[in-house]
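Asker: Pasting a structure below so you can have a look.
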Amino acid sequence: MADAGWPSFARSLKGVVLDLCGVLYESGEGDGVAIRGSVEALERLRASNLKLRFCTNETQASRGKFVAKLKRLGFDISPSEVFCPAPAVVALLKERSLRPHLLVHEGLMPEFASVDKNDPNCVVIGDAAEYFTYQNLNDAFRVLMSMEKPVLFSLGQGRYYKETDGLKLDVGVYMKALEYACDLEAEVVGKPSLAFFQSVLKDMELQPHEVLMIGDDLVNDVGGAQRCGMKGVQVRTGKYRSSDQWHPTVTADGTVDDLREAVEMILEQRTD
């Protein structure tokens, strides 16, 4: 059915969810850099009648500081539109009366200010970057091994991401190390978690078939969205690799050069 394919399904869209790093900008020294054409593309998308949300596994800064950086790069985005793992895991910790040992980036620590961290009974791991030392990983390992029923939360499970100076290992690599060492399975908070995408859809007040996800990560962005019933389009920026087209389990509904091209195709379909 041709009408079900990309970009034809854009005609029935009511909302778009966008990944941030790798789609709007590339991180790196300072604030990073906006990807060419992405500022203008977002402006065009916002001028349409589509609902917008931003879904990121960013865990190196609080949401407020993260959005402030995006504004400095030229993006018109408000904190209420951005869904990231830290606030979600804080809500889970409070709901389940859990006290975390934190293996996260120093910039994310303010997100956990309201959480009791005395006598930890779980571990939370995020993209700690340079804080992923042997000592810090071993401390988290020891906390988990001291528990009768260890609980590990991972803020995403990405394998790597791209900064201006090249690829960097992401939290999923270290999550897998702790899973292996402790013989457990982490609870993933963030993409590609089904609950994470469902929380975004609930906030948008839209059904999955009414929403498109645009991301650079085939598995976490596109695959996660598709598992939720959304369509997923991959951009050839950020962490995209040509080998993605041969992935054994995930096939994007469409692939475009960048956000600018995706927006152009969406808006063309909606004005036909």
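All of the numbers you see were taken from the coordinates with simple rules; none came from a lab. None of the values given here were measured: they were computed from a predicted structure. Counting neighbours? That spans all protein chains shown, and the Cβs are built from the backbone with ideal geometry, glycine included.
Asker: Given points 7 Å out from each Cα along the Cα-Cβ axis, report the Gln135 to Asp165 separation in nanometres with one decimal.
Answerer: 2.2
Asker: Among Thr59, Leu13, Ser146, pick out the residue whose Cα is farthest towards the positive end of the charge dipole of the chain, where Lys and Arg carry +1 and Asp and Glu carry -1 on C-beta, about the Cα centre.
Answerer: So the residue furthest toward the plus end is Leu13.
Asker: Next question, about the same structure. Taking amide H atoms as placed 1.01 Å from N in the peptide plane, list the residues 5 or more away in sequence, or in a different chain, whose amide H sits under 5 Å from that of Asp170.
Answerer: Here the answer is Tyr160, Tyr161, since their amide H atoms fall under 5 Å of that of Asp170.
Asker: Out of all Cα-Cα pairs in the stretch 1-128, roughly what percent, to the nearest whole number, are more than 27 Å apart?
Answerer: Of the Cα pairs, 33 percent sit more than 27 Å apart.
Asker: Under the Karplus relation 6.51 cos²θ - 1.76 cosθ + 1.60, θ = phi - 60°, what is the ordered set of whole-Hz ³J(HN,Hα) values for the stretch 209-224, x standing for Gly and Pro?
Answerer: 6, 9, 10, 10, 9, 10, x, 9, 9, 4, 7, 6, 7, 5, x, x
Asker: With 31 Å as the limit, write out which pairs from Lys65/Lys117; Lys149/Lys239; Lys117/Lys231; Lys168/Lys231; Lys71/Lys149; Lys65/Lys162 have Cα-Cα distances beyond it, or answer none.
Answerer: Numbers: Lys65/Lys117 23 Å; Lys149/Lys239 36 Å; Lys117/Lys231 39 Å; Lys168/Lys231 28 Å; Lys71/Lys149 43 Å; Lys65/Lys162 20 Å.
From the list (Lys65/Lys117; Lys149/Lys239; Lys117/Lys231; Lys168/Lys231; Lys71/Lys149; Lys65/Lys162), the Cα-Cα distance tops 31 Å for Lys149/Lys239; Lys117/Lys231; Lys71/Lys149.
Asker: Expressed in nm to one decimal, what extension gain is obtained for the pair Lys149 and Glu29 from 0.36 nm per residue of sequence separation less their Cα-Cα distance?
Answerer: Length gained, Lys149 through Glu29: 39.2 nm.
Asker: Sum -39500 (n - 2.57) across every DSSP H segment of at least 4 residues in the chain, then divide by the residue count to get the 222 nm mean residue ellipticity, nearest 500.
Answerer: It comes out at -9000 deg cm²/dmol, rounded to the nearest 500.
Asker: Turning to a different aspect of this structure: Do you know the relative contact order of the chain, to the nearest whole percent, from alpha carbon pairs under 8 angstrom that are 6+ apart? Mind showing how you got there, number by number?
Answerer: Working: 521 pairs, mean separation 60.2, N = 272.
Value for the chain: 22 percent.
Asker: Does the stretch 144-205 classify as rounded, prolate or oblate by the C-alpha gyration tensor (a ≥ b ≥ c root eigenvalues; a/c under 1.5 gives rounded; else a/b over b/c gives prolate, otherwise oblate)?
Answerer: oblate
Asker: For the chain, what is the percent of antiparallel DSSP beta bridges, rounded to the nearest 5?
Answerer: Here the share of antiparallel DSSP bridges comes out near 20 percent.
Asker: May I ask you to derive the FRET efficiency for Glu43 and Ala91 from their Cβ-Cβ distance with R0 = 30 Å, giving the value to the nearest 0.05?
Answerer: The computed FRET efficiency comes out at 0.40.
Asker: Amide H neighbours of Arg99 under 5 Å, counting only residues 5+ apart in sequence or on other chains, H built in-plane at 1.01 Å?
Answerer: Asn121, Cys122
Asker: Using the Cα centre of the stretch 50-208 as the reference point, and only Cβ charges (+1 on K/R, -1 on D/E), how large is the resulting charge dipole? Debye, rounded to the nearest 20.
Answerer: For this selection, approximately 380 debye.
Asker: How would the chain be classified by its alpha-carbon gyration tensor: rounded, prolate or oblate, with rounded meaning a/c under 1.5 and the a/b versus b/c comparison settling the rest?
Answerer: Prolate.
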